[in-house]
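Visitor: Here it is: the structure, laid out below.
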Amino acid sequence: MSATPHQPTVTEREARQVAEAAREQDWRKPSFAKELFLGRFRLDLIHPHPMPAEDDVQRGEEFLAKLRDFCETKIDSARIEREAQIPDEVIDGLKDIGALGMKIDTKYGGLGLTQVYYNKALALVGSANPAIGALLSAHQSIGVPQPLKLFGTQEQKDVFLPRCARTDISAFLLTEPDVGSDPARLATSAVPDGDEYVLDGVKLWTTNGVVADLLVVMARVPKSEGHKGGITAFVVEAGSEGITVENRNSFMGLRGLENGVTRFHQVRVPAANRIGPEGAGLKIALTTLNTGRLSLPAMCVGAGKWCLKIAREWSAAREQWGKPVALHEAVGAKISFIAATTFALEAVVDLSSQMADENRNDIRIEAALAKLYGSEMGCLMADELVQIRGGRGFETAESLAARGERAVPAEQILRDLRINRIFEGSTEIMHLLIAREAVDAHLSVAGDLIDPDKSFSDKAKAGANAGVFYAKWLPKLVAGPGQLPGSYGEFKRHVDLSPHLRYVERNARKLARSTFYAMSRWQGRMETKQGFLGRIVDIGAELFAMSAACVRAEHLRLTGQHGREAYQLADAFCRQSRIRVDELFGRLWSNTDDLDRKVVKGVLAGTYEWLEQGVIDPSGEGPWIADATPGPSRKENVHRPIR
């Protein structure tokens, strides 16, 4: 598709350069997941399991008790689903108990919860209604509070954080009608004019945008004298003149979501509202997401817990052929999968969150893996619950209640969770993002060898550096503790988890060897092998989840919290995960990737168009992508701030 007149035209290489420039380049702190992809199983970085401070626990538990009472007495999830809107009084009630300020420091009027307890709160409120979880998460994980906490000036924090803690809802505006995960094509502009910037453009899928009071807006500043230019972040008052919320979008799930289309026309924003320097917008967005991504898997944990509860209760009550359906192996396997996966996913989220709180480790890969793994597994668990429930799983809760049965919203949780595989980085983009970090060590020493723009002398220097690196690194991938029968013996209890940790260690080395072989084989074409890279990342996600599950089981044993049962669940999860890992390793080299590319080219060329005959397309008229030409709005403003 050709670019519209206002749309920047960018080559593939330019797009990659923009994305690369936005990455955090340095690794100043250790990373368990980064080491895992390099073939080094650094169990010492996550075991013993990090512990929260006592006062953090007390403050967190007190708020969870208050939030639970609110969820049980004030939230009518069926009403939200029916009316496709969160009642204003519910949002006002959340403001009253401080839910808007869970992650904001107490000195700004917030609750000052840790990442661990913030995630527990999201899991709780998200189980009451996922749209409310999305509202609170978008406000605090990626909205105004988080980027200001990391990059804002003291003046900005003093002005905006107290508002965000108690009264003002915030939203994050990056996506545009023709710009998704390729920010190099960002079209919204911010033109400097004295002590202000003038914003023009259209933003799509603005979660919270319909009701927001404050916006974080990413816009492109043109390069000019005295202005570096580039994609830049701004805090914008949602009620500013020239801002129009043109549509409140509707979706297959999250029907209470206040998500819209927002147009900016000659919107004046004080330069004092710019977050960070010009050109730092993407880096700010990506850094914000490093921990912000943990909110989605946290809500997937809550969904898994609910799926397990319903599966247990229903499968014990429903009988077929003389016994409860849970005791039929085909159903029992699904229940085991839900239980084991929920345990592992909670282990991943809690471990990553506690590491974020301690700030000893760099968790950018861990958070990304948690988001990727949680969103995929959450959907699978919900799908299995629908299958366990049979026809009742496909029936709406309202219909079940109308004919006198328990109103179980199984089909709703499946619809609500589906967006998590797209929100805040689709699964496909997460694969590429994590893969880039996973091969960072290789590119840092050998990247110039495969860069066509580098000179012969640069390549020669890179070759020498690579030779030194690989001479030290490759021999370490041959053998390790995973081959010694007594390794990780502290995990040998009534259930022996040590074989699983030895498996992780062996396969981390195998994963690193596979990555090195692929780079040697494909070199500069490695980035086009998205199927291969996706499987590499999925293997790493499984190994991380297995490690977290074992560490959590031992932690629960030591603290006297269902240790025996935790060991059983960790063992079940690891055995299930190992089957998936073995399959993924097989598919690294035995797959249909090449054939698939040929078929895709045929599809795009119309070679198989005959296959589409015999159906009716019920789609309506209109362009595939709406026109986003800057200019005044011609639509009614549906912005409705809640006061």
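Visitor: LYS323: which lysines have alpha carbons under 23 Å from its alpha carbon, excluding same-chain residues fewer than 8 sequence positions away?
Guide: Filter leaves LYS309, LYS334.
Visitor: A follow-up question, please. Report, ordered by chain and residue number, the aspartates and glutamates lying within cross-link reach of LYS529, taken as a straight Cα distance under 13 Å and ignoring same-chain residues fewer than 8 apart.
Guide: GLU428, ASP593, ASP594, ASP596
Visitor: Using a cut-off of 13 Å between beta-carbons, work out the net charge of the residues near ILE275 (Lys and Arg +1, Asp and Glu -1, ILE275 not included).
Guide: Local net charge: +2.
Visitor: If the limit is 24 Å between Cα atoms, which of LYS461/LYS510; LYS283/LYS476; LYS66/LYS107; LYS66/LYS305 go over it?
Guide: On the way: LYS461/LYS510 28 Å; LYS283/LYS476 34 Å; LYS66/LYS107 21 Å; LYS66/LYS305 20 Å.
The answer is LYS461/LYS510; LYS283/LYS476.
Visitor: Continuing with this model, one more query. As a check on your grasp of the helix formula, calculate [θ] at 222 nm for the chain: sum -39500 (n - 2.57) over DSSP H runs of n ≥ 4, divide by the residue count, round to the nearest 500. Don't jump to the answer; show the numbers that get you there.
Guide: Values: 23 runs with 337 residues, N = 643.
Computed ellipticity for the chain at 222 nm equals -17000 deg cm²/dmol.
Visitor: Stretch ALA333-TRP624 to full length: gain in nm at 0.36 nm per residue minus the Cα-Cα span? Write down the numbers at each step before the final one.
Guide: On the way: separation 291, 0.36 × 291 = 104.76 nm, distance 4.21 nm.
Gain on stretching ALA333 to TRP624: 100.5 nm.
Visitor: Can you compute the charge dipole magnitude of the chain about its Cα centre, using +1 on each Lys and Arg Cβ and -1 on each Asp and Glu Cβ, nothing else charged? Give it in debye, rounded to the nearest 20.
Guide: Working: 81 positive and 84 negative charges, 368 e Å.
Once rounded to the nearest 20, the dipole reads 1760 debye.
Visitor: Taking a spot 7 Å from the Cα of GLU313 along the direction of its beta carbon, which residues of the stretch 75-95 have an amide N less than 18 Å from it?
Guide: 75-79
Visitor: Given points 7 Å out from each Cα along the Cα-Cβ axis, report the SER455 to GLU612 separation in nanometres with one decimal.
Guide: So the label points at SER455 and GLU612 sit 5.1 nm apart.
Visitor: Take every DSSP beta bridge with both residues inside the stretch 114-246 and express the antiparallel ones as a percent of the total, to the nearest 5.
Guide: Values: 15 of 20 bridges.
Close to 75 percent.
Visitor: Mind ranking 300-306, 591-597, 196-202 by how tightly packed they are, going by the mean number of other C-beta atoms within 10 angstrom, highest first? It would help to have the intermediate numbers written out before the result.
Guide: Numbers: 300-306: 26.4, 591-597: 10.9, 196-202: 22.0.
Packing proxy ranking, top to bottom: 300-306, 196-202, 591-597.
Visitor: When only Cα pairs under 8 Å and 6 or more residues apart are kept, what is the percent relative contact order across the chain? If you can, show how the numbers build up before the last one.
Guide: Numbers: 1044 pairs, mean separation 108.5, N = 643.
With pairs under 8 Å counted, the relative contact order is 17 percent.
Visitor: Which one of PRO481, PHE172, ALA330 is farthest out on the positive end of the charge dipole of the chain, using unit charges on Cβ (Lys, Arg +1; Asp, Glu -1) and the Cα centre as origin?
Guide: Value computed over the given set: PRO481.
Visitor: Which order do peptides 623-634, 491-502, 255-266, 415-426 fall in by mean Cβ count within 10 Å, highest first?
Guide: On the way: 623-634: 12.4, 491-502: 17.7, 255-266: 23.1, 415-426: 20.9.
For the peptides 623-634, 491-502, 255-266, 415-426, the packing ranking is 255-266, 415-426, 491-502, 623-634.
Visitor: Could I ask something else about it? For the chain, give the share of DSSP beta bridges that are antiparallel, in percent and rounded to the nearest 5; count only bridges with both residues there. Could the numbers behind the result be given before it?
Guide: Values: 34 of 39 bridges.
DSSP beta bridges in the chain are roughly 85 percent antiparallel.
Visitor: Rounded to the nearest 20 debye, what is the charge dipole size of the stretch 32-171 about its Cα centre when +1 sits on each Lys and Arg Cβ and -1 on each Asp and Glu Cβ?
Guide: Numbers: 17 positive and 20 negative charges, 91 e Å.
With only Lys, Arg, Asp and Glu charged at Cβ, the dipole is about 440 debye.
Visitor: Within the set of other residues whose C-beta is less than 10 Å from the C-beta of PHE251, count the net charge using Lys and Arg as +1 and Asp and Glu as -1. Please report the intermediate quantities before stating the final value.
Guide: Details: positive: ARG255, ARG415, ARG418; negative: ASP416.
Neighbour charge sum, excluding PHE251 itself: +2.
Visitor: Still on this structure: If you place +1 on the Cβ of every Lys and Arg, -1 on the Cβ of every Asp and Glu, and leave all else neutral, what size is the dipole of the stretch 540-643 about its Cα centre, to the nearest 20 Debye?
Guide: Values: 14 positive and 15 negative charges, 127 e Å.
I would put it at about 600 debye.
Visitor: Sticking with this structure for a sec: Under 18 Å Cα to Cα from LYS492, which aspartates and glutamates show up? Leave out anything in the same chain fewer than 8 places away.
Guide: Cα-Cα hits under 18 Å: ASP44, GLU505, GLU554, GLU565, ASP571.
Visitor: Roughly how many nanometres apart are two label points built 7 Å out from the Cα toward the Cβ at GLN483 and VAL159?
Guide: Reported label-point gap for GLN483 and VAL159 is 6.2 nm.
Visitor: Given 4 °C and 1.567 mPa s, compute D for the chain with the Stokes-Einstein relation, Rh being the Kirkwood radius over Cα pairs; round to the nearest whole µm²/s. Show your work: numbers first, answer last.
Guide: Values: Rh = 26.3 Å.
Value of D from the Cα-based Kirkwood radius: 49 µm²/s.
Visitor: With the dipole of the stretch 539-643 worked out from charges on the C-beta (+1 for Lys and Arg, -1 for Asp and Glu) around the Cα centre, which of ALA541, VAL599, VAL581 lies farthest toward the positive end?
Guide: ALA541
Visitor: Rounded if a/c is under 1.5, else prolate if a/b is larger than b/c, else oblate: which is the stretch 569-643, with a ≥ b ≥ c the root eigenvalues of its Cα gyration tensor?
Guide: Working: a/c = 2.99, a/b = 1.40, b/c = 2.13.
Oblate, since a/c reaches 1.5 and b/c is not below a/b.
Visitor: Indicate the gyration tensor shape class of the stretch 263-357 (rounded, prolate or oblate), computed on the Cα atoms with a ≥ b ≥ c the square roots of the eigenvalues: a/c under 1.5 is rounded; otherwise a/b larger than b/c is prolate and the rest oblate. The partial results should precede the final answer.
Guide: Working: a/c = 5.34, a/b = 2.89, b/c = 1.85.
Prolate, because a/c is 1.5 or more and a/b exceeds b/c.
Visitor: Picking from ASN119, LEU45, VAL57, whose Cα lies most toward the positive end of the charge dipole for the stretch 34-148 (charges on Cβ: Lys, Arg +1; Asp, Glu -1)?
Guide: Result: LEU45, furthest along the dipole toward the positive end.
Visitor: For ASP92 and GLU241, calculate 0.36 nm times their separation in residues minus their Cα-Cα distance, and state this gained length in nm to one decimal.
Guide: Extra length available between ASP92 and GLU241 comes to 51.1 nm.
Read-outs: derived from the displayed coordinates by stated rules, not from any lab. For clarity, every value in this text was computed on a predicted model and none was experimentally measured. Heads up, the Cβs are rebuilt from the backbone with ideal geometry, glycines too, and the neighbour counts pull from every protein chain shown.
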